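Data block below; observations after.
What follows draws every value from the coordinates through simple rules; no lab data is involved. Keep in mind that what you see is a predicted model, and the values were worked out from it rather than measured. All Cβ positions, even for glycine, are placed from backbone atoms using ideal geometry, and neighbour counts span all protein chains on display.
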Amino acid sequence: MVANAGQLIDFQDALANFSNDVPNFDTLALHAGAVADPTTGALLTPIYQTTTYRQEAVGKDKGFTYSRSANPTVSALERRLAALEGAEFCTCYGTGLAATTALCLALLRAGDHVVASQAVYGGTVRLLDQVLAPFGVTSEFVDTGDLNELRRAVSARPTRFVFIESPANPTLKLTDIKQAARIAHEAGALLVVDNTLLTPALQRPFELNADVVLHSTTKFIEGHNATVGGALITRDQGLHDKFSFTRNAIGTIQSPFPAWLTLQGVKTVGLRMAQHSANALQIARYLEKHPRVTRILYPGLESFPQVELARKQQTAGGALIAFEVEGGVAAGIQLMNSLRLCALAENLGSAETLVTHPASMTHADVPAAQRQAAGITDGLVRLSVGLEDPLDVIRDLAQALDERKVA
Ligand SMILES: Cc1ncc(COP(=O)(O)O)c(C=O)c1O
């Protein structure tokens with residue numbers, strides 16, 4: 001589906017078939033939206049650290065007036081991310097949740113209804129349930145991996161949009177994006193896909209008829225644990241206008257420096273996602289065979305319950321592995337405390353391998369019953385596999401699993 005990193009390319013053939021208007025993914029990741037600086041020729045888009053812009057005359061500007069509305073560095077990132085998702089429009093935000101907030105404020109009014117995947121990022125649940133509900137927005141969280149459940153939910157009451165994460169964080173439950181788009185559209189709803197966990201390097205929601213793609217660029221898009229940021233991408237001018245208006249109205253644009261760092265990070269997103277996936281597959285195979293691992297979920301494993309769907313809509317398994325160890329919550333916590341190379345940290349998607357306990361960290365604000373219903377058990381461990389040599393990560397997991405045995 002995606003012209004992928006890691007593939008050996010015969011350059012003669014590649015050049016013969018090269019079409020100027022649609023460069024391949026890795027080329028876009030480096031070049032899309034970049035324009036050499038008109039005054040100096042600087043190859044990298046500069047950090048336009050400016051609040052305002054001198055206007056030639058009243059009403060005559062160069063497209064920028066005030067950096068809450070738009071900033072040239074942020075615009076360069078927006079052009080790049082839109083191109084990578086195969087879309088025309090993008091707005092970038094100070095965080096991923098600021099993007100989700102802008103999405104909701106742009107599209108929802110009191111009395112509107114949202115249907116969302118049961119196992120979305122905990123902050124998305126908190127926003128809908130605790131911040132927007134008092135303003136009269138209702139939400140139902142359903143297992144969108146079960147299309148009958150989704151169909152039931154959107155027919156039960158008029159729905160403004162369906163919000164899915166596939167794979168979902170942290171259970172890695174998949175939703176059939178093409179079918180979800182069909183069901184949403186038949187019910188008059190939009191389909192929003194949070195594509196944070198795979199990025200367009202591994203999954204292309206617009207080719208599966210999504211209306212909006214959301215990213216926490218904090219994760220794999222920037223990829224180096226150096227920024228927080230978010231993006232809303234669409235092919236629809238009307239939706240884009242609403243997002244731009246809302247972002248300016250609520251003041252949530254990204255700052256130029258994190259946008260610039262993200263412009264550098266995203267250059268290697270194709271290479272990184274291929275390597276993250278190759279490493280994660282090796283580590284998942286190791287964990288699957290380990291006698292103390294009682295449950296493992298990784299979309300690249302044959303044993304993954306939705307492996308056929310993973311093959312259909314993803315080009316690789318991605319970086320995330322969810323697993324449980326024998327001995328339940330206490331054993332899981334002990335394992336996480338015993339890791340030395342893998343960092344216990346509240347993030348995913350970076351070059352370094354991170355381990356998280358969703359029930360007490362990323363999903364702590366999701367009510368316990370809702371967590372259980374979504375499959376986020378108290379013993380679930382989430383591993384975001386980084387770019388270290390996978391054997392070193394396996395060694396670290398081995399010593400931590402063994403330490404548990406001795407204890
Ligand atoms: C899938 C997903 N979407 C959105 C977010 C929110 O992004 P941010 O932390 O950049 O606000 C996160 C954060 O963990 C996430 O994992």
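Straight-line reach from K289: taking Cα to Cα under 18 Å and skipping same-chain neighbours fewer than 8 places apart, the lysines in range are K405. Label-to-label distance for R182 and D61 is 4.6 nm, based on points extended 7 Å past Cα in the beta-carbon direction.
Extension gain for D37-A110 works out to 21.8 nm (0.36 nm per residue, less the C-alpha to C-alpha distance).
Treating r as the C-beta distance of I250 and K312 and R0 as 35 Å, the FRET efficiency rounds to 0.40. For the chain, DSSP calls about 55 percent of its internal beta bridges antiparallel. Between helix 147-156 and the chain there is an angle of about 60 degrees, using the helix long axis and the longest principal axis of the Cα atoms.
Between the helical axis of 390-406 and the longest alpha-carbon principal axis of the chain there is an angle of about 40 degrees. Counted residue by residue at 0.36 nm each, then reduced by the alpha carbon distance between them, the extension gain from A343 to Q49 reaches 102.5 nm.
Helical runs (DSSP H, four residues minimum) scored at -39500 (n - 2.57) apiece and divided by the length of the chain put the mean residue ellipticity at 222 nm at -11000 deg cm²/dmol.
Specify the angular offset, from 0 to 90 degrees and rounded to the nearest 10, of the alpha carbon long axis of helix 72-85 from the longest principal axis of the alpha carbons in the chain. The helix 72-85 is inclined about 60 degrees to the chain. Paramagnetic label reach from E149 (point 7 Å along Cα→Cβ; backbone nitrogen cut-off under 17 Å): within segment 340-371, residues 367-371. Selection among P291, I333, N279 by position relative to the dipole of the chain gives I333 as farthest towards the positive end (Cβ unit charges, Cα centre). Note on K312: aspartates and glutamates with a C-alpha under 13 Å away, same-chain residues under 8 apart excluded, are D176, E207. Evaluating kT/(6 pi eta Rh) at 25 °C and 0.890 mPa s, with the Kirkwood radius of the chain over Cα pairs in the Stokes-Einstein relation, gives 112 µm² s⁻¹.
Looking at the P(r) of segment 81-211, how many percent of alpha-carbon pairs lie beyond 27 Å? When every Cα pair of segment 81-211 is considered, 11 percent fall beyond 27 Å.
For the cross-link pairs K173/K219; K60/K267; K173/K267; K62/K242, which exceed 24 Å when the distance is taken from alpha carbon to alpha carbon? Those over the limit are K60/K267; K173/K267.
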